Amino acid sequence: MDNLKPVSEVDITRAIIKKATDDWLELAESDVIIVGAGPSGLIAAKILAENGLKTVIFERRLSFGGGIGGGGMLFHKLVIQDPASDILKEVGCRLEKISEGFYTTDTAEMIAKLSASVMDAGAKMILGITVDDVMFDINPLRITGAVIQWVSVIMSGIHVDPLCVASKALVDATGHDAEILAVASRKNPDLNLLTLGEKSMNSKIGEELIIEKTGKVFPGLYATGMAVGTLYNTPRMGPIFGGMLLSGKKVAEEIIKDLKR
Ligand code: 48H
């Protein structure tokens, strides 16, 4: 029988607190904070980290992938098309060809391969954290970071003051609810941010418009994925994910340009 190295309960506790604290001290001043570990946030984080930017994803659930896992009406497949398919091929995700330039993939495989590539690129992903507000500065007016809280504290309903993480770019990748844009708009009318809500289904127009409108919405604040649709009232597109991946790629490229200027 293999003998496991004996480790005491106190050793376990000290190791976890020490290493987690080291990470938190490091990410307290990040280059980029991405809120939400769905497809757009994941691919953005991968590209940003590959380009040397200190990038952290805060995800409220204890899992990642966002809407990928639900596939189409819980069937475990989703659809992807050229040229976004190259992004999945690059992370080793197997695609099944339906017709020229049009594929399906397994939801679990896409989550696993995309998420692994984020970690391999050097981005941090912290689970169980909700971003529930933004930080701002004046002269010039800009968004300077995220206000964060354990999701378990929010669920408990007791009031506990949050903590803050600074960023040069804060990305709303929270999907349909565009939570960061919504809270920034509600609390700060001077930002002139109005989230209109998404429009009914049209896959082709929906994907095209989301990619086109992805990017900076205010100094320090960016939007990607379905949050863009909610901001600009563009159509939803159903379980086709090419637009989400290209939106994540586009927001990363814009941030890299802005921060490396
Ligand atoms: C921390 C948060 C917070 C918060 C939310 O919904 P997602 O998958 O987001 P996208 O935009 O990358 O992808 C959208 C896609 O999945 C989808 O829904 C499509 C294509 N729909 C088309 C249609 O017609 O319906 O992921 C967002 C993630 C989730 O994991 C949330 O838990 C997380 O963000 N999140 N995390 N703090 N305040 N709000």
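A compact table of results
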quantity	calculated
Options ASP161, ASP82, ASP132: the member that is within 21 Å of LEU25 (Cα to Cα), surrounded by fewer than 12 Cβ atoms within 10 Å (Cβ to Cβ) and modelled with pLDDT of 95 or more	ASP161
Test: residue in segment 174-193 that is within 9 Å of the ligand (Cβ to nearest atom), more than 23 Å from GLY70 (Cβ to Cβ) and modelled with pLDDT of 95 or more	yes
Test: ILE129 is under 25 Å from SER167 (Cβ atoms), of a type outside the set (Ser, Thr, Tyr) and touching a residue at least 24 places away in the same chain (Cβ under 8 Å)	yes
Positions within segment 18-69 being under 29 Å from ARG261 (Cβ atoms), out of contact with any helix residue (DSSP H, G or I) (no Cβ under 8 Å at 6 or more places or on another chain) and small (Gly, Ala, Ser), in sequence order	ALA28, SER30, GLY52
Total residues in segment 45-75, condition hydrophobic (A, V, I, L, M, F, W, C) and near the ligand (Cβ under 9 Å from one of its atoms)	4
Checking PHE58 against (1) surrounded by fewer than 19 Cβ atoms within 10 Å (Cβ to Cβ); (2) closer than 15 Å to GLY145 by Cα, the condition it does not meet	(1)
Selected residue (criterion: surrounded by the fewest Cβ atoms within 10 Å (Cβ to Cβ)) from residues of segment 12-33 that are within 16 Å of the ligand (Cβ to nearest atom) and outside any helix (DSSP H, G or I)	SER30
Residue check, ASP2 buried (at least 17 other Cβ atoms within 10 Å of the Cβ), among the charged types (D, E, K, R) and more than 16 Å from the ligand (Cβ to nearest atom)	no
Residue that is more than 9 Å from the ligand (Cβ to nearest atom), surrounded by 23 or more Cβ atoms within 10 Å (Cβ to Cβ), within 28 Å of VAL165 (Cβ to Cβ) and among the aromatic types (Phe, Trp, Tyr), where the choices are TYR222, TYR232	TYR222
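Yes/no per residue for (1) among the acidic types (Asp, Glu); (2) more than 23 Å from LEU231 (Cα to Cα); (3) more than 13 Å from the ligand (Cβ to nearest atom):
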position: LYS77; (1), (2), (3): no, yes, yes
position: ILE80; (1), (2), (3): no, yes, no
position: GLU96; (1), (2), (3): yes, yes, yes
position: ALA112; (1), (2), (3): no, yes, yes
position: ASP120; (1), (2), (3): yes, yes, yes
position: LYS124; (1), (2), (3): no, yes, yes
position: ASP132; (1), (2), (3): yes, no, no
position: ASP137; (1), (2), (3): yes, no, yes
position: GLY145; (1), (2), (3): no, no, yes
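The values are calculated or read from the model by the stated rules, or taken from the named source; none is laboratory data. Only a predicted model underlies this, so the values are computations on that prediction, with no experimental measurement involved. Using ideal geometry, Cβ is built from the backbone for each residue, glycine included, and neighbour counts are taken over all protein chains shown.
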